[in-house]
Amino acid sequence: MNLRPQFLLAMTLAGAVATPALAQTAAPSVGLSSSTEQSTASIPDFSGLWLHPGLGFGPPLSGPGPVRNKTRLPSGASDFRLVVGDYTNPILKPEAAEVVKKFGEISLSGRIFPDPDNMCLQNPVPYIFWNFNVQLLQQPDKVTLIYPHDSDFRVVRLNQPHPATVIPSLHGDSVGHYEGDTLVIDTVGVKLGPYRMIDRFGTPYTQALHVIERYRLLDYEATKEALERAEKEWPRIGAIDPNYRGKGLQLEFTVEDPGVFTMPWSATITYGRNANQSWDERVCAENVEHDYQYNYFSEKDAHLPTANKPDF
Amino acid sequence: MPCRKLIYAIRVASALLMIVSVAEAADGAKYPDWDGAWERWFPANAVLDPGNGIYTAGGQPSFDQTKPWGRGQKAPLTPEYQKIFEDSIADQAKGGEGNFFDHAIRCMPGGMPLMTIAFTPLEIVVTAKTTYVLTGNVEPNRRIYTDGRDWPTDLTPTYAGYSIGRWLDEDDDGVYDVLEVETRGPFKGPRAYDATGLPLHFDNQSIFKERIYLDKAHPNLLHDEITVFDNALTRPWTVDKKYTRNPNPRPRWTESSCIETNSMVAIGRESYFMNADGMLMPVRKNQPPPDLRYFKEWAK
């Protein structure tokens, strides 16, 4: 039965439109003035609700980029309804390319393969970046990143090394620091979950996965340009506030995993402000779909298809 | 229902209170240090549950931490909801999940107030306009708005409810010491106070009023005085929930995923157990198998 994953994907896409835009405007977190290695005045303010409008990873600023979708819309952008990874991407080692190819064949057969999102599992880094919304809570000794998928969150310890022995977890062990206007997060120790993939195409990872995130604010014009560039790869689903003229947020991340990739590669995700006014609960286990206004319903209200007899 | 008028009165009074509090959110006062990992407190006479290695006043973690779960809570339930509660316990005695079905079998959030139990440590992030209570384990994160906003008129049902708070500097020392919070629905449900299925009213119209503050004598002890106004209660029910701060200033946050470890299968309102071999097993004596009418060879 393939209905459940389809509903979950529908819910995922609905989340782009239905979620955030909290009233917490650019106000720094309380107590930001102590114990940071960088002075408070120069620490960038990442507060507020951010939304990126596309489903997948955006193009890199330079160099090798992520696995891309082979299926394209007439516009040339990725067809998010049919995810078939380009297994010929030179970043992939042969074994990894074979994995991506097999997942693509499942998609092409009309089925949806299980992934951490549609199986309602915690999402590993960097898979978790698909979340359309993110909020960064900056404190003196840590940054907490909140995502809508099952109210997930990551805690990044600032100005600390990784422990000598990392206990693997799906979010991995994340430490960070500020470099001028940029928050740099280094993540290792990502657990090999039941559906170990770093993107929507099923690209695998090993325990050697190493992800470096770099968050920085972009001016309005640069944000607009970056969003337009991203939209050429993934069509816009989420509703960015069209009236917002402030700064945007860009995540550039680099992925290394010698067990899977022939070389490090990078990608970007550019965030604007969400056009909606609240951070909605996204409960994956509710198995809901969305209505035409992109609202969620509990199961009793969901428009589940019914059948009086089997199809075969 | 016994509490309905009281709930209405609280709503009106609280709306006025929130309007008055607008100016207080931006007065430059300092905020208390609530950083760290807040773990569920248990009383000195707590007992160890060898099954899961946790200490409680009896049974699994409870709403009133000083009393055992379930009947031991002595919740002031109306006769109608006492009956619902007893039915839940009876169903659990036979292997079912009673009123706790959705949370235990389907990994749905428990919502308010179950999410205050702290099955895993809570993280509280205080910012000027919002205080976040991050719960983990598929429970929604709480956002307590302290920016002086009024109640929205278009609230949709949620598990966490909608929370508006205000900071108080009760000892007038320039540092806020109490966060007063009111949380309203409509909620999603059904909800329960603990795993016995101790129920809240199925109308999902509960209101919660809280006072959250550090203990004056023990700065690593956090109080959350919660009063529940619910139409399944004969009177408001107040408990003083406590949390202890993990002494590690940089605690390691553990991940907990209900789905990842869930061996239960829900088919309609029936639950089954899936063993390590992937075989479906009954959870209670003489439980019938799922309806197999559409599996032609097996339906005979």
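The values are calculated or read from the model by the stated rules, or taken from the named source; none is laboratory data. Remember, predicted model here, so these are calculated numbers, not experimental data. Ideal geometry is used to build each Cβ from the backbone, glycine not excepted, and the neighbour counts take in all protein chains shown.
In the set B:64, B:87, only one residue is modelled with pLDDT of 95 or more, assigned to a loop (DSSP other than H, G, I, E, B) and among the acidic types (Asp, Glu); that residue is B:64. Looking at the structure I just gave you, is residue B:123 under 17 Å from residue B:185 (Cα atoms), facing chain A (nearest Cβ under 10 Å) and not polar (S, T, N, Q)? Considered against the rule, which asks whether it is under 17 Å from residue B:185 (Cα atoms), facing chain A (nearest Cβ under 10 Å) and not polar (S, T, N, Q), residue B:123 comes out as no.
Would you mind stating whether residue B:155 is more than 7 Å from every other protein chain (Cβ to nearest Cβ), farther than 30 Å from residue B:272 by Cα and modelled with pLDDT under 95? Against the criterion (more than 7 Å from every other protein chain (Cβ to nearest Cβ), farther than 30 Å from residue B:272 by Cα and modelled with pLDDT under 95), residue B:155 qualifies. Taken together, the criteria exclude residue A:245 from residues that are under 17 Å from the mean Cα position of the chain (by Cα), surrounded by fewer than 17 Cβ atoms within 10 Å (Cβ to Cβ) and either at positive phi or assigned to a loop (DSSP other than H, G, I, E, B) (or both). Annotation for region B:90-109: no member residue is among the charged types (D, E, K, R), modelled with pLDDT of 95 or more and in a loop (DSSP other than H, G, I, E, B). When residues in region B:51-65 are screened for being surrounded by fewer than 17 Cβ atoms within 10 Å (Cβ to Cβ) and either of a type in the set (Phe, Trp, Tyr) or out of contact with any Phe, Trp or Tyr (no Cβ under 9 Å at 6 or more places or on another chain) (or both), 4 of them pass.
Between A:252, A:221, the distinction of being within 28 Å of residue A:274 (Cβ to Cβ), touching a Pro at 6+ places or on another chain (Cβ under 8 Å), modelled with pLDDT of 95 or more and not in a loop (DSSP other than H, G, I, E, B) belongs to A:252 only. If you go through region B:193-244 and keep only what is acidic (Asp, Glu) and within 17 Å of residue B:88 (Cβ to Cβ), you end up with B:194, B:230.
Only a single item in (1) at negative phi; (2) modelled with pLDDT of 95 or more is not met by residue A:189, and it is number (1). If you go through region B:239-251 and keep only what is over 10 Å from residue B:121 (Cβ atoms), surrounded by 13 or more Cβ atoms within 10 Å (Cβ to Cβ) and out of contact with any Phe, Trp or Tyr (no Cβ under 8 Å at 6 or more places or on another chain), you end up with B:240, B:250. Inside region B:141-152, residues that are without any contact (Cβ under 8 Å) to a residue 60 or more places away in the chain and either surrounded by fewer than 21 Cβ atoms within 10 Å (Cβ to Cβ) or facing another protein chain (nearest Cβ under 9 Å) (or both) make up a count of 4.
For region B:120-140, the set of residues classified as in contact with a helix residue (DSSP H, G or I) (Cβ under 9 Å, 6 or more places away or on another chain) and surrounded by 23 or more Cβ atoms within 10 Å (Cβ to Cβ) consists of B:122, B:133, B:135, B:138, B:139, B:140, listed by residue number.
For region B:168-183, the count of residues that are modelled with pLDDT of 95 or more, crowded, with 23+ Cβ neighbours inside 10 Å and more than 14 Å from chain A (Cβ to nearest Cβ) is at least one. The number of residues in region A:56-94 being among the aromatic types (Phe, Trp, Tyr) and over 18 Å from residue A:250 (Cβ atoms) comes to 2.
Look at (1) farther than 17 Å from residue A:257 by Cα; (2) of a type in the set (Gly, Ala, Ser); (3) within 14 Å of chain B (Cβ to nearest Cβ) and you find that residue A:189 fails only one, number (1). Does at least one position in region A:284-291 carry a residue that is assigned to a loop (DSSP other than H, G, I, E, B) and at pLDDT 95 or above? No, region A:284-291 contains no residue that is assigned to a loop (DSSP other than H, G, I, E, B) and at pLDDT 95 or above. Scanning region B:92-103 for residues that are of a type in the set (A, V, I, L, M, F, W, C), in contact (Cβ under 8 Å) with a residue 60 or more places away in the chain and either within 12 Å of chain A (Cβ to nearest Cβ) or over 21 Å from residue B:40 (Cα atoms) (or both) turns up just one, B:101. Under the condition of being within 21 Å of residue A:169 (Cβ to Cβ), out of contact with any helix residue (DSSP H, G or I) (no Cβ under 9 Å at 6 or more places or on another chain) and assigned to a loop (DSSP other than H, G, I, E, B), the residues counted in region A:98-141 number 5. Is it true that residue A:145 is closer than 24 Å to residue A:58 by Cα and within 11 Å of chain B (Cβ to nearest Cβ)? Judged against the criteria, residue A:145 is a match. Take the conditions (1) within 15 Å of residue A:130 (Cα to Cα); (2) of a type outside the set (Asp, Glu); (3) free of Cβ contacts under 8 Å to residues at least 40 places away in the same chain; residue A:184 misses just one of them, which is (1). Could you say whether any residue in region A:118-135 is β-branched (Val, Ile, Thr) and away from every other protein chain (no Cβ under 14 Å)? No, region A:118-135 contains no residue that is β-branched (Val, Ile, Thr) and away from every other protein chain (no Cβ under 14 Å). Just one residue in the set B:124, B:105, B:89 is farther than 19 Å from residue A:284 by Cβ, hydrophobic (A, V, I, L, M, F, W, C) and in contact with a strand residue (DSSP E or B) (Cβ under 9 Å, 6 or more places away or on another chain); that residue is B:124. Only one of the listed residues (B:238, B:254, B:261) is of a type in the set (S, T, N, Q) and more than 14 Å from chain A (Cβ to nearest Cβ). That residue is B:238.
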